[in-house]
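As structure tokens, the structure follows; a few thoughts come after it.
The values are calculated or read from the model by the stated rules, or taken from the named source; none is laboratory data. Remember, predicted model here, so these are calculated numbers, not experimental data. So basically every Cβ, Gly included, is an ideal-geometry build from the backbone, and we count neighbours across all protein chains shown.
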Amino acid sequence: MKLAKRNWNNFSLFSPMFDNFNRELLNWDNKNYSSTSTTVPAVNIKENADSFEVEVAAPGMAKGDFKVTLDGNLLTISSAKEEQNEEHKDNYTRREFSYQSFQRSFELQKEVVDQDNIQAHYENGMLRLTIPKKEEAKQKEPRMIEIS
């Protein structure tokens, strides 16, 4: 019997197909990068008795850079920001520009969430969404059941 050593580099034909998968699967320490190596803001989701709180960390952005949409049950938070700098000197022109964008989507449960009263607020680098629960989905106080 002859032992064969596999050389994973031989799978270069499949490399483009698996690059994104491997990057996401193996890069546990750097979860705020998308498969295109662009920065995606961190998102915290907290549930309390009356609502869900969504926090998006996006320092350096302005309120107008964000777009929050609700299409059916799909809540989408996106942003696009473009910067251009141009400097003219005697014998040259220097142009620099940058473009950054992201999009995060969350599926909301129609039975749980009051979609008509979702609120968004941006302050000090943090976008906060408050997604209220429907009355019937709110956690109720425990009640005592009498034993007969």
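May I ask you to verify whether THR130 is within 15 Å of VAL40 (Cα to Cα), touching a residue at least 12 places away in the same chain (Cβ under 8 Å) and among the polar types (S, T, N, Q)?
Working: within 15 Å of VAL40 (Cα to Cα): no; touching a residue at least 12 places away in the same chain (Cβ under 8 Å): yes; among the polar types (S, T, N, Q): yes.
The answer is no for THR130.
Checking each residue in region 60-84 for being at pLDDT 85 or above and either outside the structural domain of LYS133 (by TED's automatic domain parsing) or loosely packed, with under 10 Cβ neighbours inside 10 Å (or both) picks out GLY64, ASP71, GLY72.
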